[in-house]
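Worksheet: the structure to be examined is printed underneath.
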Amino acid sequence: MPVTKFSTPEKHMYLNGFQSYHESEAVPNTLPVGANSPQRPAHGLFAEKLSGTSFIAPRCENLQTWLYRILPSAAHLPFEKINEDGDVQANLGDLAKVNQLPRQLRWDPFDLDDSADWVRSLKLLGGVGNPAMKSGLGIFIFAAGTSMPDKLAFYSADGDFLIVLQHGVMDIQTELGHILARPNEIVVIPRGIRYRVTLPAGPIRGYILELFDGHFKLPELGPIGSNGLANARDFQAPVAAFDEDTSSAWTINCKYNNTLFSAEQNHTPFDVVGWHGLYYPYKYDLGRFNVIGSTSFDHPDPSIYTVLSHPVADFVIFPPRWLVQEDTFRPPWYHRNTMSEFMGLIMGEYDAKTGGGFRAAGASLHNVMSAHGPDADAHAKASAADLHPVKVGEGSMAFMFESPLMIGVTDWALETCHKLQHKYNEASWVPIKPAFQRSV
Ligand SMILES: [Fe+2]
């Protein structure tokens, strides 16, 4: 997959680096020297701290950012639970009522939706745990067709959003600056950061993994060495950009314990003139992933494709790559794992599932110890193939949220969305025939 080439509007400027210390100011001399919260911040601004970890977290994990803004975030009326027509609360689901199922699950592509904005497009597909206890995760499908209304911002108090964009373009205005995202790019918006999503190129669709505790890290590289997989310099954070609006009526939507709340204020939340710290949103172009693989026999565990890692979920991709192994069954083996595997497809055809049942914008979920692997046709072809160097996955990008937790699924995923494939097992593995011959 080539690296995305595009002209970058001036407002979408980025700082490179993953969890490295950044500072950015849209007006010169905004950031203080010395005291982070000086008695009188420059330009008449307010200093505000945004913490992404406990204050006492080890230095290597501590994520804090200082904001210098026109008005503090606290200047708003109380948050009230949203009570509106429609099913916005139902869409966010109830993790206490998910269905824990040992069966293999697969979904046809989820529909685009011309009517919903970002906030009202979020549909809980599954998850486990409890945002209030800061444990577990949620998996959402989004399909939005309209920009968020003017003067509406959103944040999740529940966790970090890892957004995997499958279709369209997202123009995301955050408190810390702008992020423009296209398919094959991921965006991570940490807990609490306020943002709004507009759609400059029509509908958007994709997947979200929400982490209820902690934050993603890059995996350790061990014997791979100092470079490889996702390189730190390819992660991009926004630079400071602000609006000067202290007289308009704004609404802040907040996802809190998987329930939507709303508050009013008379100024823009996007008034951060400068910031410095380690807690910020970022994006990453999956086309920049440096694939490592076997050059002799067998293939490594899929952990070799890990982009971002966390104790309750790794984010893994399957990029275009060369297969050169000798005397090797090259597709994934048949397997049962202690981990749950939620897979999605951003574009193209996933090289391990060629039968047409796993399509872009669809998904599959193989939960803890659910047996799976190549379907009958893929096994037959791979077993008989002449093994030459071959490039697989050209024009394709599949991904996986891999978790040690059992991922329950919502009634929306099983019924309401009407995308569940009810003959997945019959289409994939039931037709496999034995080939055992004792005498050979
Ligand atoms: Fe698997």
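As a calculated quantity, the FRET efficiency between A157 and S439 at R0 = 56 Å, using C-beta atoms, amounts to about 0.25.
Solvent-accessible area per residue in the chain equals 45 Å², computed with a 1.4 angstrom probe and all protein chains kept.
Each eigenvalue of the Cα gyration tensor of segment 158-305, multiplied by 5 and square-rooted, gives one semi-axis; in descending order these are 34, 16, 15 Å.
For segment 36-96, GluC sites (Glu not before Pro) meeting the loop criterion (DSSP other than H, G, I, E, B) and having at most 14 other Cβ atoms within 10 Å: E61, E84.
In the calculated pair-distance distribution of segment 95-207, the portion above 23 angstrom amounts to 30 percent of the Cα-Cα pairs.
The length gained on full extension between K423 and T338, counted as 0.36 nm times the residue separation minus their Cα-Cα distance, comes to 28.2 nm. Placing a label point 7 Å from the Cα of E244 along the Cα-to-Cβ direction, the residues of segment 28-69 whose backbone N falls under 16 Å from that point are 28-30, 42-46, 69.
For the listed residue pairs K97/K353; K123/K283; K255/K283; K151/K419; K97/K255; K283/K381, the alpha carbons are over 26 angstrom apart in K97/K353; K151/K419; K283/K381. The trypsin sites (Lys or Arg not before Pro) of segment 60-110 meeting both criteria, a DSSP state outside H, G, I, E and B (loop) and at most 13 other C-beta atoms within 10 angstrom of the site's C-beta, are R103. Here the chain exposes an accessible surface that is 53 percent carbon and sulfur, computed with a 1.4 Å probe and the other protein chains kept in place. Give the shape of segment 14-286 as rounded, prolate or oblate, defined through the alpha-carbon gyration tensor: a ≥ b ≥ c are the square roots of its eigenvalues, a/c under 1.5 means rounded, and otherwise the shape is prolate if a/b is larger than b/c and oblate if not. Oblate.
The values are calculated or read from the model by the stated rules, or taken from the named source; none is laboratory data. On a predicted model such as this, the values are computed, not experimentally measured, just so you know. Every residue, glycine as well, gets a Cβ built from its backbone with ideal geometry; the counts of neighbours run over all protein chains shown. When the accessible area is computed, the model is the full protein with side chains, heavy atoms only, and any ligands, DNA or RNA have been set aside. Shrake-Rupley method; radii C 1.70, N 1.55, O 1.52, S 1.80 Å.
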